1. From largest accessible area down, sort 422, 285, 454, 459; use a 1.4 Å probe on the protein chains.
2. Can you sort 372, 329, 43 by solvent-accessible area, 1.4 Å probe, largest first?
3. Ordering 362, 32 by accessible area with a probe of 1.4 Å, largest first, what comes out?
4. Write down the Kirkwood hydrodynamic radius of region 118-255, to one decimal in angstroms, obtained as one divided by the mean of 1/r over all alpha carbon pairs.
5. What are the extents of the Cα atoms of the chain along their three principal axes, listed from largest to smallest and rounded to whole Å?
6. What are the radius of gyration and Dmax of region 65-167, computed over its Cα atoms and given in Å?
7. Keeping every protein chain present and rolling a 1.4 Å probe, give me the accessible area per residue for the chain in Å².
8. Once every DSSP H run of n ≥ 4 in the chain is given -39500 (n - 2.57) and the sum is divided by its residues, what mean residue ellipticity at 222 nm do you get, rounded to the nearest 500 deg cm²/dmol?
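The values are calculated or read from the model by the stated rules, or taken from the named source; none is laboratory data. Being a predicted model, the structure only gives us computed values, none of them experimental. Positions of Cβ are backbone-derived with ideal geometry, glycine not excepted, and every protein chain shown enters the neighbour counts. Ligands, DNA and RNA are excluded from the accessible area calculation, which covers all protein heavy atoms including side chains. Shrake-Rupley method; radii C 1.70, N 1.55, O 1.52, S 1.80 Å.
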Amino acid sequence: MSGFKTLFKQTFIYGLATVLPRMLSFLLVRLHTDESVLKSVADYGDVSLIFSYFVLFNVILAYGMETAFFRFFNKEDDKAKVVGTSSISLIASSFLFFVLALTFQNQIANFIDIKPEYINLVIWILLLDALVIIPFAWLRANARPVKYAIIKILNVVINLGLNLFLLLWLKDLATESSVLGTIYKPNFEINYIFIANLVASAVTLLLMSSFYFKIKYTFDSVLWKQMMRYAFPVLIAGVAFSINETFDRVLLDKLLPENIAKTEIGMYSACYKLGMFMTLFVTAYKLGVEPYFFSHANTENPKKNYARILEYFVIFGSAILLGVVVFADILKVILIGNEAYWKAMVIVPIVLLANLCLGIYHNLSVWYKVTDRTKFGAYISVFGAILTLALNFWLIPIISYVGSAIATLSAYACMMLVSYYYGNKYYPIPYNLKKMGLYLLVSTAFSVISFYVYRENYYVGISLLMLFLFLVVKLEKDQLKQLVKEK
C-alpha cells in the first residue's frame with residue numbers, strides 16, 4: 001500500500017504541474033473568446049486550427065523517444081548512456097526539422113492554408129519544446145516532480161502574463177510610450193498569442209539548460225537502434241492519437257461550408273475546453289503512473305497493483321465526469337463569457353466521457369508497454385484514427401461538430417475495449433470489471449439525466465452527484481480505511 005501512497009503523492013504533484021497551468025490556460029480561453037480581443041468566433045477558430053497542427057508536430061518531433069527513454073532508463077544498467085543517446089538523437093532531429101521547416105516555410109503555409117508569419121513562429125516554438133522533452137523525462141524518471149511542477153507552472157504563468165500584456169494592455173500603453181509604440185501593431189492579435197508562447201518556451205528551455213551541461217554525450221548506436229525499434233510504434237500511436245484528439249478541427253475546416261467553418265470550429269473548440277477537466281486528471285495520472293508501471297514491472301505480483309490502480313482511476317474519473325456535467329452551465333459562464341460560443345455546449349458530456357475512456361485506455365496500455373509489444377499500441381491507435389476519420393467524414397456534413405464529438409467518443413471507447421481484449425490475451429490482469437462497470441454505468445446515466453433531462457436543475461444534479469459519491473464510499477469503505485491507516 002505504501003507504493004500506492006508514493007504513486008498518489010507523485011500524481012498529486014504532477015497534477016499540480018498539469019492542473020494549475022491548465023487552469024491558468026482556461027483564463028486564456030476566457031481572454032481569447034472575449035470579443036474585445038479576437039474580433040469574431042472565426043478568429044478563435046483560426047487559433048484553434050493552428051494549435052491542432054501543434055499537437056501533430058509535437059508528436060512527430062518527439063517520435064516516441066520519451067517513452068523509450070523511460071523503458072531503457074529502468075532496463076539498462078548504464079543509465080548515463082541512455083540519457084546521452086536519447087539526448088543526442090533528439091537534438092539532432094530537432095535541428096534537422098528546424099532547418100528544413102524554415103527553408104520550406106512558404107510551401108508549408110500554402111499547403112495547410114496558414115499565413116507564413118504564423119508558420120515561422122510555430123517552427124521556433126516546436127524546436128524549443130522538442131529540446132526539453134528528455135530533460136523533463138529525466139526529472140520524472142528520477143522522481144523529481146517538484147522541479148518539474150515549478151518549471152511547468154512558470155511556463156504558463158509567463159505565457160498568460162504576456163497574453164494579458166500584449167492583448168489587453170499594450171494598445172493603451174503604446175500611446176504613452178514611444179518604446180511600446182514600436183512594439184504595438186494593430187490587428188496583430190493572433191501573432192501576439194504565438195509570440196507569448198514562444199517566449200514562455202524559450203524561458204523553459206533556459207531553466208532546463210543545466211541538464212545539457214551535466215550529461216555525458218555518449219552515443220551508442222546499438223542502443224539507439226533498440227530504442228528506435230521500441231519508439232517507432234509509439235510514434236505511430238502518437239500520430240494516430242493526435243488525429244483522434246485534434247484533427248477534427250482540420251476536417252471541420254475542410255468539410256463544412258467556407259462561410260461557417262471557422263465559426264463552427266471556434267464554438268466547438270471553446271466548449272471542448274470544458275471537457276479538459278477530465279483531460280487534466282488523465283494527464284496528471286498518466287504522468288505519475290507511467291514510470292510506476294515500468295519500475296514495478298518486476299516486483300512481486302505487479303498485476304494486482306495494476307488492477308487496483310485502474311479501479312481507483314475509474315472511481316475518480318467517474319466522479320469528475322458527473323461533477324463537471326452537473327456544473328457545466330456555471331463553468332461556461334466562468335470560462336467562456338461570450339454567449340456566441342455557448343451553442344456548442346451540447347458536446348460537453350460527450351467529450352468528458354470520451355476523455356474518461358481514453359484515460360482507461362492509457363491504464364490498460366500497461367500490458368503492451370511492460371511486455372515490449374508496443375506495436376499493439378500503434379495498431380490500436382491507428383484503428384482508432386481510422387474510425388475517427390471515417391465517422392468525421394460521415395457525420396460532419398450531417399450534424400457538424402456534434403459528429404466530431406461522437407466520433408471521438410466512439411474511437412476512444414473502441415480503443416479501450418480492443419486494448420482490454422488483447423491485454424487479457426497476452427498479459428491478463430485481474431481487473432474488477434463488475435465494480436468498474438457499475439461506476440461507469442451509474443456515472444454516465446446520471447450525467448445524461450442531469451444534462452439532457454434536468455439541465456441547470458441543481459437540486460436534481462447535486463442529488464445525483466451525492467448519491468454517486470455515497471455509492472463509492474459504501475463500496476470502497478474497507479480500502480479507504482486501509483489507506484487512512486497507512487503511514
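1. Details: 422 75, 285 10, 454 105, 459 195 Å².
Per-residue accessible area, sorted high to low, gives 459, 454, 422, 285.
2. Numbers: 372 70, 329 10, 43 45 Å².
Per-residue accessible area, sorted high to low, gives 372, 43, 329.
3. Numbers: 362 35, 32 15 Å².
My answer, sorted largest first, is 362, 32.
4. Values: mean 1/r = 0.0549 Å⁻¹.
The answer is 18.2 Å.
5. Projected onto its principal axes, the Cα set of the chain covers 67, 62, 44 Å.
6. Answer for region 65-167, Rg first and Dmax second: 17.0, 51 Å.
7. Values: 21670 Å² over 487 residues.
Accessible area per residue: 44 Å².
8. Values: 23 runs with 398 residues, N = 487.
That calculation yields -27500 deg cm²/dmol at 222 nm.
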